[in-house]
1. Could you work out the relative contact order of the range 47-124? I mean the mean sequence separation of Cα pairs under 8 Å and 6+ apart, divided by the number of residues, in percent.
2. Determine Rg/Rh for the range 40-193; Rg is computed over alpha-carbon atoms and Rh is the Kirkwood hydrodynamic estimate from the same atoms.
3. Give the Rg/Rh ratio for the range 192-344, taking Rg as the radius of gyration of the Cα atoms and Rh as the Kirkwood radius, to two decimals.
4. What full-extension length gain, to one decimal in nm, is calculated for Asp308 and Asp166 as 0.36 nm per residue of separation minus the Cα-Cα distance?
5. Relative to the Cα centre, what is the charge dipole magnitude of the chain, using +1 at the beta carbon of each Lys and Arg, -1 at the beta carbon of each Asp and Glu, and rounding to the nearest 20 debye?
6. Would you mind checking the tilt of helix 477-489 against the longest principal axis of the Cα atoms of the chain, expressed as 0 to 90 degrees and rounded to 10?
7. Can you give the Rg/Rh ratio of the range 87-143, where Rg is from the C-alpha atoms and Rh is the Kirkwood radius?
8. For Glu481 and Arg464 in one chain, what is 0.36 nm times their gap in residues minus the Cα-Cα distance, to one decimal in nm?
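The values are calculated or read from the model by the stated rules, or taken from the named source; none is laboratory data. Bear in mind the structure is a predicted one, so any value in this text is a computation, not a measurement. Neighbour counts are summed over all protein chains in view; Cβ atoms, including those assigned to glycine, are modelled from backbone coordinates with ideal geometry. The accessibility values were calculated without ligands, DNA or RNA, using every heavy atom of the protein model including side chains. Shrake-Rupley method; radii C 1.70, N 1.55, O 1.52, S 1.80 Å.
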Amino acid sequence: MILRADEAAFIVVFKITDEIDGFRGTLTEKLLTWPRFIKSRIRDVQSRESKPTVILVASGADNVEESRRHRAIKVVEDIRAEIHRMFGEYLNIVDDIFLLNCHDSQHKDMGRLRKCLSRTKQEEQIPNLCAKIVDNKNKWKINKKFPILYWAEYVEQVKRIDDLVDDDFLRTATSYLDNMGELLFIKNPYGDDIIILNIQWLCSRVFGPMLATDIFLQYSKKLPKNKKLYYSRREIDEVFSDFADTDLLSQLLKIFELVFEADHSPTESVGDIMYIAPALLDEDMPESQWRMDPTKQIYFGRRIQCRDETDSFSPGLFPRLQARLYNHFRDLGQTPSGIWKNGIKVCHVVECLVYMTRGWRAIHICVRAKDEKYIGDCHNLMEKVFEDIEDVLEICCPGSDIESRVLSAHSLRTHIEPDEAKFYSVQKILDAEVKGVNVYDEEGGEEEETTDLLCAGYDPIVLRARGYDCDVKWMKHETLEKICMIMDIKREMAGDYGTMADLMGIPPLKVRGWEGKSMSIMLCRSFSPHSS
């Protein structure tokens, strides 16, 4: 959630005995989780100016007989070469090979590891005020059990170091310290901005009791995880009762989108606020939540996926997205009707499912509605969700490259599992539109019209790509209505519909259907995405 990866050094440890005892494929894939995650946290992955350092360490040297040591070293070398092949463009994978007995601090390779770490340490010059804050913040007379200050309190402490500092310069300096990971500077939508002076404290004393499973015995107080959907404010306060300001902590949990207030719950206590913590949900979406519904005729969908094998979504992405969507839709008067570990659903005129696929490498946005008059609502809902996904991606995994695909309407209509829904690239749809043919799914042998995949009259993809060369069916619906209103006024144009239709690429069969009828109304219907 708060990791600064850009110039950090990471030791990635794996168990060598698993590799040399025949579990290589599985363990190597598990090991790739970490370089993917580190890359995802690089905020300026394209600059390549600085790279996180990754040191690969094979543990379990004490369990490797001398006769197999050469083979073990060869395995480590092969793993290092494979990770360098995949991630060398983004990460500094050190050349040194380490095979350690991690129970022995005096093991011969442990000294080499310490030297390797010391080489990665980068000393940099920092602004004078920042250096003074770093040197003095641990000496400030504040509650050490609660090292959090509102901005006004923080300014008061800094002015004891430099009473001439102005607010704008201090904000710039504090942002610099935030980038260094010396503190956290949090923009607070609920009031005064917040400074967290000790990041380790935040992780161990706030995130830990909130998110840790039962195997973490060091937490005498932690939030219960017994398949609960709702948590009361009273339960959260009990976990943090040792702290001075549980109101401020409650704000922090909402700012980090670890919790959000639920509108209702079957166990709601009178006078108590109920919360949902998406990261603690442990049940997948039931199949019944996306079953066939004969009243739904219109289906559209988008897929946001990792671009290649070096990319991943960070573990906190989807829970944070769920919190964002829940609050966003509630503000729009569309409170979600269901939330699960891998999904969240809204049912208000248009039904929308946002779903994290197996493997956690793609998110599907699936929408469906009663008939064609809701196509605009389908498009607007998908756009709102897509914007939230982009915002949360920038926070949680700015270094992950993503790409967008269009889900098959046929797959969604026939209610193939959301995981299994087929999809097309936008370019494939544009190519089909240029050729005047349907989009063909080679694997399934199905054809789909381009207007079944993109929301004609609302989605600007074809208009942006083809401009004046695109068919009139892609014209924005609002523009089309204005044209019809103008033509109603200038009825002398009625006799020239054939010429106009020919220029706009409208089939003669449709033109003949207008004869003897109100020209503008029929024109609107023929162009409208609401027509069949």
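1. Across the range 47-124, relative contact order equals 41 percent.
2. 1.13
3. Ratio of gyration radius to Kirkwood radius: 1.00.
4. My answer for the length gained is 46.5 nm.
5. 780
6. 30
7. That ratio equals 1.19.
8. 4.1 nm
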